[in-house]
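The structure appears right after this line, and notes come after that.
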Amino acid sequence: MALTTNNRSYKANPEKPPHARREENGMKLMSMLLALVVLGGGPCFAAEPPGQGKMVLELKECIRKALAAAPELGEAEADIMLTSSKLAEAKAHRYPQLEILGLTGPVPQAKGNQVFSPDSINQTDRWTWFARSDATLIQPLYTFGKISENMKAASHGIEVDRAKKEQSRNEIALKVKEYYYGLLLARELKELVLEVQEDLGTARKSAQKLLDKGSANVDVTDIYKLDAFGGEAEKYLEEAKKGEAQALTALRARLALPANAELDIATERLVPGEEKEIGLPAYLEMSQVRRPEYRQIQEGLKAREALVAAARAAYYPDFFIAGYLSAAYAEKRDRVSNPWVPDEFNHIWGGIALGLKWTLDFGIKGAKVAQEQAQYDRLVSTKDFADTNIPLQIRKYYLDLQEADKSIEATRSGYSNAKKWLVAALANYDFGIGPAREIFDALQEYAKMRGAYFQAIYNRKMARANLAYATGEEPL
């Protein structure tokens with residue numbers, strides 16, 4: 001980006017002498033590079049010197065704290081409890097259901113027997129009170145799968161929610177890694193800007209010394225350019241400090257720490273690491289076993305299949321065994337002993353029987369079956385999407401990892417040679433035999449390649465973190 005911009009600047013000012021154009025291009029390139037270094041390249045987290053009472057955490061400790069405090073996991077656990085209660089409800093339908101009805105109220109008196117009574121049912125001046133209780137016990141025997149299929153659906157639903165919780169854990173761990181490595185990247189880039197400032201200070205001292213001696217190789221504009229560039233660097237350092245405060249606030253929130261808690265990370269340098277990577281086929285095979293999204297779909301399909309079967313079972317009747325007991329008592333009413341003349345207010349009777357319950361409708365059950373089948377078909381399409389896109393995602397992260405490895409090697413060689421160039425340019429300028437533009441050109445190239453080196457390491461760390469997420473690796 002910087003080179004393209006400077007090429008445009010060069011073509012737009014053909015009237016300037018070549019050495020002036022090169023020095024101006026060097027200033028612009030370095031300014032744009034500093035902006036990229038301080039403000040770009042992932043989350044900007046500046047360093048904070050460790051102090052007394054500061055919490056210093058390793059990456060795994062940060063992940064552990066984030067997982068312990070994450071509200072997303074609390075929500076996921078509540079979903080598991082909700083589905084577990086649905087399973088308990090489905091299981092409870094296997095057991096007897098007891099219904100009790102109690103009544104009390106006024107009733108006419110009745111003296112005599114089933115043949116003759118001096119009282120009349122329409123008599124309103126002679127009343128008494130009755131109390132009655134009816135209990136019905138129903139034990140399901142066979143429901144054609146209504147109970148068992150709902151139990152099966154709830155059991156698989158619990159596994160779906162557990163896989164969702166695991167997915168949330170992986171997402172939280174990935175976010176913490178992004179913050180952690182971003183903080184390391186920002187610290188390395190900040191040190192790079194400080195190093196650039198130090199080299200600029202050395203060059204300015206040399207320029208001032210040569211200028212005081214009246215050297216023809218230096219003029220006052222070199223001092224102005226160095227001072228202007230130093231002010232630009234100072235500006236970006238201040239912006240980095242502002243980014244530090246914002247980033248640490250976000251990190252505290254992710255770890256659920258108090259706003260005034262002092263936080264730092266234990267890792268001091270951003271280094272490539274020595275992890276041994278496996279091949280792409282192994283990552284793809286690993287994801288089939290560990291990726292929680294795959295388990296969500298697999299368990300979800302089983303749950304939906306069971307719900308379709310439960311909806312179809314509604315076409316068939318329910319068989320059950322029922323027991324019934326009724327007792328009633330009314331004062332001032334004689335008991336009737338004739339079995340042909342039941343008394344609803346003064347009796348005790350009961351029994352047991354086999355029963356069948358069958359509800360017939362015109363289209364209601366068919367519509368419910370169609371609804372459940374549509375949900376099942378929708379999940380089948382989701383499975384096809386996952387089977388295509390999850391391997392694609394893994395391939396992308398794997399290629400990112402390979403690209404980062406190659407970029408690390410290339411930029412390491414680039415900044416090493418640029419540093420040698422810069423040292424030589426500073427020495428030549430100090431002796432008064434080299435032009436100032438060599439310092440700008442070398443400093444520009446060194447800062448660019450050194451910054452790209454740390455960016456490549458950060459990219460490798462994040463590619464590895466993304467691969468861990470994409471293959472369902474356990475966060476801890």
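The values are calculated or read from the model by the stated rules, or taken from the named source; none is laboratory data. Note that the structure is a prediction, hence the values are computed from the model and not measured. Glycine gets a Cβ as well: all are built from the backbone with ideal geometry, and neighbour counts include every protein chain shown.
Could you tell me whether E58 is closer than 27 Å to F454 by Cβ and at pLDDT 90 or above? Judged against the criteria, E58 is a match. Restricted to region 173-187, and to residues that are of a type in the set (D, E, K, R) and surrounded by fewer than 21 Cβ atoms within 10 Å (Cβ to Cβ), which residue is farthest from the chain's Cα centre (by Cα)? This residue is E178. Which condition number does R291 fail, the rest of (1) out of contact with any Lys or Arg (no Cβ under 9 Å at 6 or more places or on another chain); (2) at pLDDT below 85; (3) surrounded by 13 or more Cβ atoms within 10 Å (Cβ to Cβ); (4) under 25 Å from Q167 (Cβ atoms) being met? Answer for R291: the failing condition is (2).
One residue alone among F385, F319 is farther than 30 Å from V107 by Cβ, in contact with a strand residue (DSSP E or B) (Cβ under 9 Å, 6 or more places away or on another chain) and not in a loop (DSSP other than H, G, I, E, B), and that residue is F319. In summary, A240 fulfils each of the numbered conditions (1) of a type outside the set (K, R); (2) modelled with pLDDT under 85; (3) surrounded by fewer than 17 Cβ atoms within 10 Å (Cβ to Cβ) with the single exception of condition (3). Flag: L307 does not match the condition of being crowded, with 17+ Cβ neighbours inside 10 Å and under 30 Å from V56 (Cβ atoms). If you go through region 163-186 and keep only what is touching an Asp or Glu at 6+ places or on another chain (Cβ under 8 Å) and either at pLDDT below 90 or among the basic types (K, R) (or both), you end up with K164, K165, A186. So which residues in region 87-97 are in contact with a strand residue (DSSP E or B) (Cβ under 9 Å, 6 or more places away or on another chain) and surrounded by 11 or more Cβ atoms within 10 Å (Cβ to Cβ)? Within region 87-97, H93, R94, P96, Q97 qualify. Within region 420-447, the residues that satisfy the criterion of being in contact with a helix residue (DSSP H, G or I) (Cβ under 8 Å, 6 or more places away or on another chain) and not hydrophobic (A, V, I, L, M, F, W, C) are N428, Y429, D430, G432, G434, P435, R437, E438, D441, Q444, E445, Y446. Taken together, the residues in region 398-452 that are aliphatic (A, V, I, L, M) and in contact with a Gly (Cβ under 7 Å, 6 or more places away or on another chain) amount to 2. Here region 223-236 is the region considered, the condition is being touching a Leu at 6+ places or on another chain (Cβ under 8 Å) and at pLDDT 75 or above, and the residue that is farthest from A69 (Cα to Cα) is I223. The residues listed here are L392, L399, L354; of these, the one that is surrounded by fewer than 16 Cβ atoms within 10 Å (Cβ to Cβ) and part of a strand (DSSP E or B) is L354. The residues of region 100-120 that are surrounded by fewer than 10 Cβ atoms within 10 Å (Cβ to Cβ) and farther than 15 Å from E344 by Cα, listed by number, are V115, F116.
Annotation: R94 fulfils all but one of (1) touching a residue at least 40 places away in the same chain (Cβ under 8 Å); (2) assigned to a helix (DSSP H, G or I); the unmet one is (2). The set of residues in region 106-155 being touching a Phe, Trp or Tyr at 6+ places or on another chain (Cβ under 8 Å), among the polar types (S, T, N, Q) and closer than 30 Å to G300 by Cα consists of T143 alone. Which one of these is in contact with a helix residue (DSSP H, G or I) (Cβ under 6 Å, 6 or more places away or on another chain), at negative phi and not charged (D, E, K, R): A353, A313? Checking each option against the conditions leaves just A313.
When you check K276 against the structure, is it more than 25 Å from the chain's Cα centre (by Cα), at pLDDT below 85 and not in a loop (DSSP other than H, G, I, E, B), yes or no? No; evaluated as a whole, the condition is false for this residue. Look at region 67-103 and say how many of its residues are out of contact with any Asp or Glu (no Cβ under 7 Å at 6 or more places or on another chain) and more than 25 Å from Q139 (Cα to Cα). Residues flagged as out of contact with any Asp or Glu (no Cβ under 7 Å at 6 or more places or on another chain) and more than 25 Å from Q139 (Cα to Cα) within region 67-103 amount to 13. For V271, the conditions (1) assigned to a helix (DSSP H, G or I); (2) at pLDDT 80 or above; (3) aliphatic (A, V, I, L, M) all hold with the exception of (1). For the residues A266, A256, the requirement of being on the phi > 0 side of the Ramachandran plot and at pLDDT 85 or above singles out A256.
R412: basic (K, R), assigned to a helix (DSSP H, G or I) and at pLDDT 90 or above, yes or no? Spelling it out, R412 is indeed basic (K, R), assigned to a helix (DSSP H, G or I) and at pLDDT 90 or above. Listed conditions (1) at pLDDT 95 or above; (2) within 30 Å of N150 (Cα to Cα) are all met by S326, apart from (2).
Among the candidates I433, I457, the residue that is β-branched (V, I, T) and under 42 Å from the mean Cα position of the chain (by Cα) is uniquely I457.
Among residues of region 422-443 that are within 17 Å of F229 (Cα to Cα), those with a beta-carbon under 6 Å from a residue that is among the basic types (K, R) and part of a helix (DSSP H, G or I) at least six positions away or on a different chain give the pairs R437/R22. Applying the criterion of being of a type in the set (V, I, T) and not in a helix (DSSP H, G or I) to the residues of region 121-172, the residue that is surrounded by the most Cβ atoms within 10 Å (Cβ to Cβ) is T143. How many residues, within region 361-407, are more than 26 Å from G157 (Cβ to Cβ) and out of contact with any helix residue (DSSP H, G or I) (no Cβ under 6 Å at 6 or more places or on another chain)? Residues in region 361-407 being more than 26 Å from G157 (Cβ to Cβ) and out of contact with any helix residue (DSSP H, G or I) (no Cβ under 6 Å at 6 or more places or on another chain): 11 in total. Cβ separations smaller than 7 Å between residues 6+ apart or across chains give the following pairs from region 319-331 residues that are within 29 Å of G112 (Cβ to Cβ) to residues that are part of a strand (DSSP E or B) and of a type in the set (D, E): S326/D134.
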